[in-house]
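What follows is one structure encoded as structure tokens, with my remarks underneath.
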Amino acid sequence: MGGPIKSEADPLDPEPPQELRRTLDAIRYLESAVTRSREPEGIVLRYGAFYGLDTGVFDGPLVEQVRRRRAPIIGDGNGWWSFVQIDDAARATVFAIERGQAGSIYNIVDDEPAPVREWLPALAKMHGAEAPFHIPAWLARIVGGEHLVVMMTDIRGGSNAKAKRELGWQPKFGSWRQGFAEIVRQPARNKEAA
């Protein structure tokens, strides 16, 4: 599988778990169709996991699972995730429209991909929750399926070097740590203003 951080030139997983095969087949098809399109010209943006108030990582159900210690670290927790704050993603999209090279693929992610064993406990701590439990991969495979184990132990993060270089894009939140902390503080600010 190579290193934990992948560029746009690296291939997508050639043998994903059964539960993810149709999704990856669809991604491959769409990326091929879009990058070959000439009218209109096509550009593919591969976004990291979105976060922002009430989006992605910070939607109610996941935060509640983290607070209740129902989002465990599976196996070694060596699945690398890339994140992007929702406003950073929107800015990158505008930059891609204005400056992107037709037929290109760009990873729209922050500067710091991180393994689950790092970001999940940090997220729990930011919410005042206890550290997540650890469960063995074999047990998670039985309970949740192979795709869940892969997401938590094997996936790889993305590099944003090409988007920064070719689009001139720089995420405001270069690290999920900074961005997550800002989002956690926002509800407190909103309550103070009310």
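FYI, it's all coordinate maths here, none of it is from the lab. None of the values given here were measured: they were computed from a predicted structure. Ideal geometry is used to build each Cβ from the backbone, glycine not excepted, and the neighbour counts take in all protein chains shown.
If you go through segment 45-65 one residue at a time, how many are hydrophobic (A, V, I, L, M, F, W, C) and under 25 Å from LEU30 (Cβ atoms)?
Count: 4.
Pairs linking a residue in segment 118-147 that is within 16 Å of ARG69 (Cα to Cα) and touching a residue at least 40 places away in the same chain (Cβ under 8 Å) to a residue that is in a helix (DSSP H, G or I) and hydroxyl-bearing (Ser, Thr, Tyr), with Cβ atoms under 9 Å and 6 or more positions apart or on different chains, are ALA140/THR153. So, in segment 163-181, of the ones that are part of a helix (DSSP H, G or I), touching a residue at least 24 places away in the same chain (Cβ under 8 Å) and over 17 Å from the mean Cα position of the chain (by Cα), which residue ends up nearest to ALA89 (Cα to Cα)? My answer is LEU167.
Give all pairs with beta carbons closer than 8 Å in which a residue from segment 6-25 that is in contact (Cβ under 8 Å) with a residue 60 or more places away in the chain meets a residue that is among the aromatic types (Phe, Trp, Tyr) and surrounded by 12 or more Cβ atoms within 10 Å (Cβ to Cβ); count only pairs at least 6 apart in sequence or on separate chains. Going by the 8 Å Cβ cut-off, the qualifying pairs are GLU8/TYR106.
Can you confirm whether ALA114 is among the small types (Gly, Ala, Ser), over 25 Å from PRO11 (Cα atoms) and surrounded by 16 or more Cβ atoms within 10 Å (Cβ to Cβ)? No, not satisfied.
Is it the case, given these coordinates, that ALA26 is among the hydrophobic types (A, V, I, L, M, F, W, C) and either touching a Gly at 6+ places or on another chain (Cβ under 6 Å) or under 30 Å from LYS172 (Cβ atoms) (or both)? When the stated conditions are applied, ALA26 does not pass them.
Does ALA26 count as among the aliphatic types (A, V, I, L, M) and surrounded by fewer than 19 Cβ atoms within 10 Å (Cβ to Cβ)?
yes
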